[in-house]
Amino acid sequence: MLYLLLVSLILLRWLTVPMTPETLGPPYWILMGATAITVLAGARILSLPASLPVTRATAGFVEGFSFALWAFGTWWIPLLIVLGLWRHVRRHWPLSYEPTLWSVVFPLGMYSVATLSFGKVAHLRFMEPLSRFMLWVAIAAWAVVAAAFLVRLARRPGESASGAPAASASATTAAP
């Protein structure tokens, strides 16, 4: 329920506050990851012994709600890709390492695990190949972010992302 409230507030912000490249960063991927975590929890509940009364009483609801959240999380992926393209291609935001890029990696991995687990417990065969594909997407995302981090780490102190020396603090704050 907290997720639904949070998504409502985020969508309200998107509809009422102008979206800028600065405000549309990688942390929005956490929204997709939250659905994946919930779907994985639903899969774990559905895998409890059927002899438990609570399992029998809630199985239909848990399965339906988990599937709805899985579908919603799946819907977030193309939306977030389009918004990322808008940010970097259309609005020319520099594509460079920023620590918040790690908030893209975890949700992709969690989506893969949740899709596989839920697909098995709900007997939805189409989810297994999708899960394996998304695992490779998550691994690729991890490799790209890790490589970008290593490039940033290897850069000499005082060197900007373009390779040109950064302006010193005294030069930028000096009075004209």
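Miscellaneous remarks
- Filter result for residue 155 (closer than 25 Å to residue 100 by Cα, of a type in the set (D, E, K, R) and either loosely packed, with under 14 Cβ neighbours inside 10 Å or at pLDDT 95 or above (or both)): yes
- Looking across 39, 54, one residue alone is at pLDDT 90 or above, aliphatic (A, V, I, L, M) and assigned to a helix (DSSP H, G or I). It is 39.
- Those residues of region 1-32 which are of a type in the set (S, T, N, Q) and under 18 Å from residue 103 (Cβ atoms), in sequence order: 23
- Residue satisfying condition, being at pLDDT 95 or above and either within 13 Å of the chain's Cα centre (by Cα) or not hydrophobic (A, V, I, L, M, F, W, C) (or both), within set 131, 96, 162: 131
- Within region 75-91, the residues that satisfy the criterion of being in contact (Cβ under 8 Å) with a residue 24 or more places away in the chain and under 19 Å from residue 116 (Cα atoms) are 76, 77.
- For residue 22, the conditions (1) of a type in the set (Asp, Glu); (2) part of a helix (DSSP H, G or I); (3) closer than 30 Å to residue 155 by Cα are fulfilled apart from (2).
The values are calculated or read from the model by the stated rules, or taken from the named source; none is laboratory data. This is a predicted model, so every value here is computed, not measured. In this analysis, Cβ positions are derived from the backbone assuming ideal geometry, glycine residues included, and neighbour counts consider all displayed protein chains.
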